[in-house]
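Encoded as structure tokens, the structure appears first; notes follow it.
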Amino acid sequence: MFALGALILAAHCNASPTNNIAARPATANSTTNQTMKFPVTKTDTEWRQELTPEQYRVLRQADTERPFTGLYWNTKEPGVYRCAACKQVLFTSKDKFDSGCGWPSFSDLASAKTVILRDDSSFGMHRTEVICAHCGSHLGHLFDDGPKPTGLRYCINSASLAFEKTNPPQPGPGEKK
Ligand SMILES: [Zn+2]
């Protein structure tokens, strides 16, 4: 129920898409994706045991959390965002921006090849799904209305992320104040 409302809002946020897709990474062929192998593979039972019910619904069943309800939509502290399922670093706070959509939004990845993109035609919309390249978990969707220079908006569920705050640099062992 809530998922559909969230999707409609997601589409609304995408009201002024651009055609600039030059920076967008290549989309995986959706037919080959079904048999894709990931470095981290677990059984459905294992995922259910390791994840919270909400994380499981989003990461493993491609559900969408309601906007403005997740842990990180308004997080502005410096740090890294890991995949909640396999702990791979996906995004950093330097690329996080306030999209007004109610989900954590990033204009770029922490590093190339951390995610895989695939076509998603569910709910009568054509969108690009973002999944973790390490474990195949659902993260969110990619839109073309992000800020420059990438023009990309990775619209990611908080439930798919584990935030790790960056600590201020510690003085080295030989340094005394
Ligand atoms: Zn992952």
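The values are calculated or read from the model by the stated rules, or taken from the named source; none is laboratory data. Since the structure is predicted, the reported quantities are computational estimates derived from the model, not experimental observations. Every residue, glycine among them, receives a Cβ derived from its backbone with ideal geometry; neighbour counts consider all protein chains shown.
Observations
- Residue list for the range 98-144, restricted to those being over 21 Å from W73 (Cβ atoms) and hydroxyl-bearing (S, T, Y): S111, S121, S122
- Looking across the range 145-164, the residues that are touching a Lys or Arg at 6+ places or on another chain (Cβ under 7 Å) and more than 17 Å from E50 (Cβ to Cβ) come down to D145, G146, L152, E164.
- Single condition Y154 does not satisfy, out of (1) at pLDDT 95 or above; (2) more than 20 Å from F97 (Cα to Cα): (2)
- Set E77, E129: member being in contact (Cβ under 8 Å) with a residue 60 or more places away in the chain and assigned to a strand (DSSP E or B): E129
- Any chance T64 is of a type in the set (S, T, Y), modelled with pLDDT of 95 or more and within 22 Å of R153 (Cβ to Cβ): yes
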